[in-house]
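Input: a single structure, listed below in structure tokens.
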Amino acid sequence: MSLPKLTFGYLWDFRNPERWRRPWQAFYAETLDLIAWTETIGIHGAWIPEHHLADDGYIPTPNLILAAIAARTQTLRMGSAVALAPLYDPVRFAQECAVLDIMSGGRIEMALAIGYRRREYEALGAPFGKRGKRFDEFLEIATRLLSGETVDFEGDHYRIRGAKLAPPPLRSHVPLQIGGFADKALDRVVRYGDGYFGNAEIWDRLSVKLGEQGKDPAAMFIRIPDLFTVVADDPDAAMEELAPYYQHVNNTYGAWAGEDNALGMDSPGLSPMDLDAFKASGIMAVWTPDEAISRLTALREKAPVEHYMFMRPPGLPADRFRHYAQILADKVVPAFA
């Protein structure tokens, strides 16, 4: 099986923690400037996640940010990473995707998942315990709309008559990726997804499921979000400088994962810890450029990874982000061009 070209992107959560807080308008403007700048150095993608009720301002409205990115860029692929699909009306979501596809010139690729925080569902008035069935109905409706159908649907959660996309998306089909780790999540990838968003370790299970349903595993693309790795020329110095920012990522996700134990994966790192414990935990990795090339090459021998995402950790100053992003762009990206 011939591998697709490996491209690189960044995940942008627009968090502005109290410890490093900037005025919100200035912070948003600066972040959008950085996203546009990554396009100029050869980065391929910009991806916006979604969470609600976060004290650090974790972005709750990815599609609004995507519209701003579409207006500021020409080549970056972009999308949600991930949108919490059961919290959306599927027709409105598909309509927004169509408009984003037009605005971006056909660069939108949306990733969806089920979510794992009961508080988010309660705040938005959606039933947490029924989110799986709600997600299935959402996917049935949204995929049909995004493929150009006029949709009538009657289920337990959505009742729709005569829905269609007007205006239609620029492309005949807007690709959807689906994230998750449980078997039910992988079943959704097989049934509805154009790609998988998650961990490469899932590939063996996913490829078996694809084969069982008569689908070609080679047609399924994989996107990897790596929240705790950075490429640097001096790993020791980078660890000292960057660990507090990545510790914030670990501790917030760790606290959320413990709220309802509904994340669907086992990870001893997903728990809050102090800075020394975090640095010693091995959760954060600093790769030299040569190491990054070697590790990513080995990864692609195990799974057909098509796109790899790093992140700007919350609080990291813009000039320091540019420093590390330039190393990635200059010394790693060309190896996979």
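For the range 85-102, the Karplus equation 6.51 cos²θ - 1.76 cosθ + 1.60, evaluated at θ = phi - 60°, returns couplings of 4, x, 8, 10, 6, x, 6, 4, 4, 5, 4, 5, 4, 4, 5, 4, 4, 5 Hz by residue, with Gly and Pro reported as x.
Assuming charge only on the beta carbon of Lys and Arg (+1) and of Asp and Glu (-1), the dipole of the range 198-281 about its Cα centre is about 520 debye to the nearest 20.
Potential lengthening of the chain between A71 and I160 amounts to 28.9 nm, from the contour at 0.36 nm per residue minus the alpha-carbon distance. What you get for the range 98-192, charging only the Cβ of Lys and Arg (+1) and of Asp and Glu (-1), is a dipole of about 200 debye around the Cα centre. For the chain, the relative contact order is 21 percent, taking Cα pairs closer than 8 Å that sit 6 or more residues apart in sequence and dividing their mean separation by the residue count. Backbone geometry of the range 313-324 corresponds, through the Karplus equation with coefficients 6.51, -1.76 and 1.60 at θ = phi - 60°, to 3J(HN,Hα) couplings of x, x, x, 5, x, 4, 5, 6, 4, 4, 4, 6 Hz, x marking Gly and Pro. For M309, nonlocal amide neighbours, meaning residues 5 or more places apart or on other chains whose placed amide H falls under 5 Å from its own, are G9, I224, D226.
One entry in (i) -0.33, -0.42, -0.53, -0.87; (ii) -0.37, -0.48, -0.59, -0.93; (iii) -0.28, -0.36, -0.47, -0.87 is log10 I(q)/I(0) by the Debye sum over Cα atoms at q = 0.07, 0.08, 0.09, 0.12 Å⁻¹ calculated from the shown coordinates; its label is (iii).
Applying 1/(1 + (r/R0)^6) with r as the Cβ-Cβ distance of R205 and K133 and R0 = 30 angstrom yields a FRET efficiency of 0.85.
Compute the helix-to-body angle for 203-212: its Cα long axis versus the longest principal axis of the chain, expressed 0 to 90° and rounded to tens. Helix 203-212 and the main axis of the chain meet at about 20 degrees. The overall shape of the range 179-337 is oblate: from the C-alpha gyration tensor, with semi-axes ordered a ≥ b ≥ c, the ratio a/c is 1.5 or greater and a/b is no larger than b/c.
In loop segments of the range 1-51 as defined by DSSP, the trypsin sites (Lys or Arg not before Pro) with at most 15 further C-beta atoms inside 10 Å of their C-beta are K5, R21.
Using a Förster distance of 45 angstrom, determine the FRET efficiency expected from the C-beta separation of A182 and A237, and round it to 0.05.
Numbers: r = 39 Å, r/R0 = 0.87.
Efficiency, rounded to the nearest 0.05: 0.70.
Each of V231, A292, Q213 was scored by the projection of its Cα onto the charge dipole of the chain, and the greatest displacement toward the positive side belongs to Q213; charges sit on the C-beta of Lys, Arg, Asp and Glu.
Rounded to the nearest 0.05, the FRET efficiency derived from the C-beta distance between A337 and L299 at R0 = 25 Å is 0.90. Pairs of Cα atoms nearer than 8 Å and 6+ residues apart set the relative contact order; for the range 52-130 it is 34 percent.
Computed from phi, the 3J(HN,Hα) profile of the range 119-132 under the Karplus parametrisation 6.51, -1.76, 1.60 (θ = phi - 60°) reads 4, 5, 5, 5, 5, 9, x, 10, x, 4, x, 10, 5, x Hz, with x in place of Gly and Pro.
Between H323 and A285, the simple spin-label model (points 7 angstrom out along Cα→Cβ) gives 2.3 nm. Considering only beta bridges that DSSP places wholly inside the chain, some 10 percent are antiparallel.
In deg cm²/dmol, rounded to 500, what helix-only [θ] at 222 nm does the chain give when every DSSP H run of at least 4 residues adds -39500 (n - 2.57) and the total is split over its residues?
-14000 deg cm²/dmol
Between D330 and A255, the modelled label-to-label distance comes to 3.8 nm, taking each label 7 Å out from Cα in the direction of the beta carbon. Relative to the Cα centre, the charge distribution of the range 149-247, modelled as +1 at Lys and Arg Cβ and -1 at Asp and Glu Cβ, gives a dipole magnitude of about 880 debye.
Taking all Cα-Cα distances within the range 266-332, those exceeding 19 Å account for 52%. For the residue pairs K184/K331; K133/K279; K133/K209, the C-alpha atoms sit more than 29 angstrom apart in K184/K331; K133/K279.
With the chain treated as a Gaussian network of Cα nodes joined by springs under 10 Å, which of F93, F128, F153 yields the largest mean-square fluctuation? In this elastic network of the chain, the residue with the biggest mean-square fluctuation among F93, F128, F153 is F153. Cross-link reach is defined here as a Cα-Cα straight distance under 16 Å, omitting same-chain residues fewer than 8 places apart; for K5 the aspartates and glutamates meeting it are E301, E306.
A short reminder: the numbers here are calculations on the coordinates, not readings from a lab. It should be emphasised that the depicted structure is a prediction, and the values quoted were computed from it without experimental measurement. As a convention, Cβ positions derive from the backbone with ideal geometry for all residues, glycine included, and neighbour counts pool all protein chains shown.
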